[in-house]
Every structure is written in structure tokens, then in C-alpha cells.
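Notes for the one structure printed next.
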Number of protein chains: 2
Amino acid sequence: MGANFTLERQNVRPVAVGNHALLRDLPGDGAVRPGDGIGSLERLAGLMHFKRNQMIFSESDPAAQVYRVQSGCVRLTRLTPDGRRQITSFLHAGDWFGFEWFSVYGVNAEAVSDVCVQSVPRRVLDRLIREDAHVAGYFHELLASRFAQAQDQLMVLGRHTARERVAGFLLSLANRLSAGGGMLELAMGRQDIADHLGLTIETVCRVLHDLRKQRLVSVPDIHRLGILNAEGLATLVEGAAMQAEAA
Amino acid sequence: MGANFTLERQNVRPVAVGNHALLRDLPGDGAVRPGDGIGSLERLAGLMHFKRNQMIFSESDPAAQVYRVQSGCVRLTRLTPDGRRQITSFLHAGDWFGFEWFSVYGVNAEAVSDVCVQSVPRRVLDRLIREDAHVAGYFHELLASRFAQAQDQLMVLGRHTARERVAGFLLSLANRLSAGGGMLELAMGRQDIADHLGLTIETVCRVLHDLRKQRLVSVPDIHRLGILNAEGLATLVEGAAMQAEAA
DNA sequence: CGGATCTTTGACTCGTCTCAATGCGCGTGG
DNA sequence: CCACGCGCATTGAGACGAGTCAAAGATCCG
């Protein structure tokens with residue numbers, strides 16, 4: 001069970017390529033014009049790059065920065081003392097993260113692929129939230145929708161079978177990446193999928209194999225997946241028991 | 001797997017014993033004094049009673065009211081189309097609920113025991129949040145801590161064994177009800193515990209049996225449980241693999 | 001007291017995990 | 001340019017934890 005992931009806290013610190021380092025010491029918080037909304041946040045953000053599997057922050061770090069994915073894919077993970085891993089979510093372009101927690105990030109954030117993220121000091125965000133009700137509302141909604149996602153995931157982990165989990169995951173990914181009838185980019189490896197769904201890598205492989213055999217999906221290569229029959233997958237998810245099993 | 005719970009939406013509407021019905025039509029929102037903080041909310045709250053297993057709201061209801069448990073225990077649940085149930089959380093005296101969602105309650109709320117709850121119209125809460133930064137911050141933190149709880153539960157459902165789940169649940173309950181070295185009130189039945197932990201009722205029974213045999217807990221009667229060895233339970237939870245198995 | 005509901009226990013099944021071997025793709029260095 | 005090694009994915013065989021089904025207690029409440 002779990003991962004025994006070999007990355008373990010390789011504290012290679014990222015290359016700051018934006019104005020992040022500058023921002024930290026600027027008196028220029030005053031540059032944030034209240035009422036300017038989210039825009040000013042984005043303008044204040046520094047840019048950083050992380051390479052595949054590099055750690056962005058660890059769960060015990062003080063939550064000093066808030067991040068936003070600009071490109072690539074980020075995973076949020078938790079570990080048990082004995083190394084079992086749970087990936088609580090995958091983040092894609094446009095997603096904020098690190099804002100959900102107060103004193104300390106409660107999760108590890110790692111780059112799934114090479115990523116580019118924006119970062120804003122927590123202090124700046126807090127100030128903006130205090131001064132601009134619009135920003136406050138925005139982040140409140142963000143938190144609420146993150147909470148809703150977590151609730152969905154609880155249902156999945158608590159009550160869905162392996163097949164339902166994988167089918168649901170693929171559909172939600174297709175939805176998130178709005179890959180209509182087309183091809184999905186699977187930025188994450190099989191182990192990551194397994195750790196997100198509370199399964200083992202072998203089970204994920206076997207389920208994918210079955211789905212392919214049933215012509216619900218195609219797997220042209222490891223990191224691409226085509227959804228051939230979204231309705232079929234949806235039926236799988238919705239606990240309709242399913243009988244069609246043959247190839 | 002799951003519950004096939006026989007309660008199914010018995011839409012017995014609750015007896016409103018407070019000023020809740022009045023509040024709905026009062027012009028008296030003006031009575032809320034900004035800066036008065038949470039206090040004014042509680043003063044505006046109506047009181048309601050619900051009997052065991054009575055539904056407080058259903059997941060598809062518009063989220064028109066926000067609630068707070070005054071006494072008793074409430075469960076928040078979700079159902080799959082085929083009847084599998086997941087209890088996302090149990091709420092006790094002092095806990096707010098129903099505020100996490102915007103348009104529609106995303107969960108069913110039901111009385112585990114006979115309960116007494118306060119309720120406040122969503123409209124009133126929203127207004128107070130807009131006018132009083134203190135209240136806004138309070139509910140933001142509430143949401144954040146609810147989110148953190150959900151994260152914990154993800155770890156449990158995704159990566160913990162049956163024994164770890166039950167042990168962890170008992171400890172968190174003991175913690176919540178601050179029953180120091182003493183006796184826990186188990187307001188919820190075995191099926192509820194199972195549906196909270198992603199197990200079956202039989203598995204919960206068997207694990208409790210084992211824990212009793214190992215003298216980690218005592219079970220004087222169905223609704224009471226004594227924690228005899230909190231450290232032992234904690235060891236179980238922390239994935240330390242455990243070897244002691246004999247009686 | 002009697003029936004309904006919930007809990008406990010047992011015997012057996014089954015889905016998923018574990019362990020192990022093999023395959024594949026890709027980057028590196030000879 | 002190819003051989004090698006490394007990391008990941010796949011596949012198979014067998015084990016095991018938790019689920020299912022069934023029957024026998026408890027408990028609750030009228």
C-alpha cells in the first residue's frame with residue numbers, strides 16, 4: 001500500500017526568474033490599489049520555475065507564500081509516518097494553492113511536470129483581502145470550491161470501487177482540461193494517479209487495461225489517453241453496478 | 001458496501017420552537033449591529049428541534065439557512081445513486097453547518113440523536129459578513145478548518161486500514177468531546193461509524209471487538225466506550241504497522 | 001410481552017494488494 | 001550509433017483484508 005516515493009524532500013531551491021525576490025523587500029505594498037481586485041495580485045506576483053518532481057513547499061513550512069500555477073501540473077500530497085502517500089489534488093494552469101492554510105502549509109506541493117508558478121507573499125494577499133471585499137469574496141469562493149472538491153473526493157475514496165475511481169478521475173481530468181472528445185495529457189504518472197485514488201499502481205494499470213479492452217478509452221502512449229466513450233465511463237462512475245464486461 | 005439506509009428522505013418537517021419563523025419575514029435585519037460580531041448572529045438565531053434520524057436539510061435544497069448545533073449530534077451525508085452512503089462529518093454542540101455551500105447544500109444533514117439547533121437565514125449571515133470584517137474572518141477560518149478536516153479524512157479513507165480508521169475515529173471523538181481519560185458517548189450507531197470511515201458495519205464491529213480484546217478500549221454498553229489506552233490507540237493510527245496482536 | 005431495529009459473530013467470497021518477473025522508453029556514455 | 005542502465009509501466013500468480021450473506025443475540029419502545 002502507498003508509495004514509498006523516492007523523492008523525499010530534495011530541497012533543491014527553485015530558480016526565481018521573476019520579481020519575487022524584489023517584492024519581498026519592497027515598500028511597494030502600497031502599489032496595491034484597493035478595488036483593483038485580483039488584477040493587482042497577479043501584477044504583484046513573482047514567477048518561479050520548478051523542474052519535474054521538485055518540491056515547491058513542504059507541509060511543515062510556514063505558509064509565507066501563496067501560489068498560482070501558470071503552466072504545468074502540481075500535486076499536493078500528504079504522507080503517513082511510514083511513507084504511505086495521499087495526493088489530495090492535482091493543480092493545473094490558473095489554480096491557486098497554498099492559500100488554504102494559515103500558519104503552516106498542511107500539504108507538500110511538488111511539480112508533477114516542469115512547471116511555472118506565480119507567487120505572492122501571504123502578507124500581501126492578507127492585506128488585499130482586508131482592503132478589497134472583492135478579493136476577499138474571490139478567495140472565499142475559491143476555498144469553498146476547494147472544500148467541495150474535497151467532499152467529492154471523500155465519496156470517491158470512501159465508497160467507490162477501483163474501476164469507478166479511475167473512470168471518474170479520467171472524466172474529471174477531461175473536464176478540467178476541457179479536452180472535449182479528444183486526447184488527454186496525463187502529466188502525472190501511474191503512481192501519482194494511484195496515490196490520488198487510494199489504489200496501488202498495479203490496480204491502476206489493470207483498470208486502464210480493462211477500460212482499453214472495453215474500448216472506453218485508448219492509450220496511444222503512456223502520457224496520452226483518449227476518451228472513446230464518455231457516456232460509458234460516466235455510467236461506470238455512477239454506481240450503476242455495470243454488467244458489460246466482455247471485450 | 002454502503003448503507004442502503006432506510007431513512008430515505010422522510011420529509012417530516014421540524015417543529016420550529018424558536019423565533020425562526022418570525023425572523024424570515026422580519027424587516028429586522030437592521031437589528032444586526034455591525035461590529036457586534038458573532039454575538040448578534042447568535043441572538044438572531046431561531047431554535048429548532050429535530051428527532052433522531054429526522055432530516056434537517058437535503059443536499060439538493062437551496063442553502064437558505066445556516067445552522068449551529070446547540071445540543072445533540074448531526075451527521076452530514078452524501079449518497080450515490082445506488083444508495084452507498086458517505087458521512088462526511090459528525091457535528092456536535094457549537095459546530096456551525098450549512099454555511100460551506102453557496103447555492104445548494106451539497107450534503108444531507110440529519111439528526112443522529114435528538115438535537116437542538118439554531119438557525120440563521122443565509123441572507124442575514126451574508127449581510128453580517130459584508131458589514132463586519134470580524135464575522136467574515138470568523139467564517140473564513142471556520143471554512144478553512146472544515147477544509148483541513150476534510151483533508152485529514154482523505155488521508156484516512158485513502159490510505160488507512162480498518163483498524164487505523166476506527167482507532168483514529170475514537171481518538172478524534174474523545175478529543176472533540178474532551179473526554180479525558182473517561183467514557184465516550186457514542187451518539188451514532190455502528191452503521192454511521194462505518195459510513196463515516198468507508199467500512200461496513202460488520203468490520204466496525206469486528207475491529208471494536210479486537211480493540212476490546214486487546215484492552216485498548218472498553219465497551220460497557222453500545223453507546224458508551226471507554227478509552228483504556230490512548231497511547232496504544234495512537235500507535236495504531238500512526239501506521240507503525242503494529243505487531244502486538246494477541247489477547 | 002412482542003416486534004422492530006440494531007449489533008454481533010461466523011463462514012465464505014472477492015476485490016484489491018503484494019511480490020515478482022518482464023517489458024518499454026529514454027538518456028548517457030562508450 | 002548502439003549498448004547499457006535506470007525508472008516507470010505492465011502483467012501474472014497468489015495472499016489477505018475487508019465485504020457479503022446469514023443467523024443469532026441485544027436493545028429499544030410501544
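The values are calculated or read from the model by the stated rules, or taken from the named source; none is laboratory data. Predicted model, so just to flag it, every value in this text is computed and none were measured. Counting neighbours? That spans all protein chains shown, and the Cβs are built from the backbone with ideal geometry, glycine included.
Side notes on the structure shown:
- Scanning the range A:123-176 for residues that are more than 23 Å from A:ASP210 (Cα to Cα), buried (at least 17 other Cβ atoms within 10 Å of the Cβ) and more than 13 Å from chain B (Cβ to nearest Cβ) returns A:VAL124, A:LEU128.
- Scanning the range B:89-102 for residues that are within 11 Å of chain A (Cβ to nearest Cβ) and either in a loop (DSSP other than H, G, I, E, B) or surrounded by 23 or more Cβ atoms within 10 Å (Cβ to Cβ) (or both) yields B:PHE99, B:GLU100, B:TRP101, B:PHE102.
- Among the candidates A:SER178, A:SER172, A:SER113, the residue that is part of a loop (DSSP other than H, G, I, E, B), of a type in the set (Gly, Ala, Ser) and outside the structural domain of A:PRO81 (by TED's automatic domain parsing) is uniquely A:SER178.
- Some residue of the range A:177-188 being at pLDDT 95 or above, within 14 Å of another protein chain (Cβ to nearest Cβ) and within 16 Å of DNA strand D (Cβ to nearest atom): no
- Residue in the range B:68-79 that is within 10 Å of chain A (Cβ to nearest Cβ), free of Cβ contacts under 8 Å to residues at least 60 places away in the same chain and not in a strand (DSSP E or B) present: no
- Taken together, A:LEU186, A:LEU199 contain a single residue that is surrounded by 16 or more Cβ atoms within 10 Å (Cβ to Cβ), under 26 Å from B:ALA162 (Cβ atoms), outside the structural domain of A:GLU110 (by TED's automatic domain parsing) and free of Cβ contacts under 8 Å to residues at least 40 places away in the same chain, which is A:LEU199.
- Here B:GLY72 qualifies as more than 21 Å from A:ALA148 (Cβ to Cβ), modelled with pLDDT of 95 or more and not assigned by TED's automatic domain parsing to the domain that holds B:ASP195.
- For the range A:71-83, the criterion of being within 21 Å of A:PHE139 (Cα to Cα) and either surrounded by fewer than 22 Cβ atoms within 10 Å (Cβ to Cβ) or of a type in the set (Ser, Thr, Tyr) (or both) is met by at least one residue.
- In the range B:216-237, of all residues being within 18 Å of B:LEU184 (Cα to Cα) and away from DNA strand C (no atom under 15 Å from the Cβ), the one that is surrounded by the fewest Cβ atoms within 10 Å (Cβ to Cβ) corresponds to B:GLU231.
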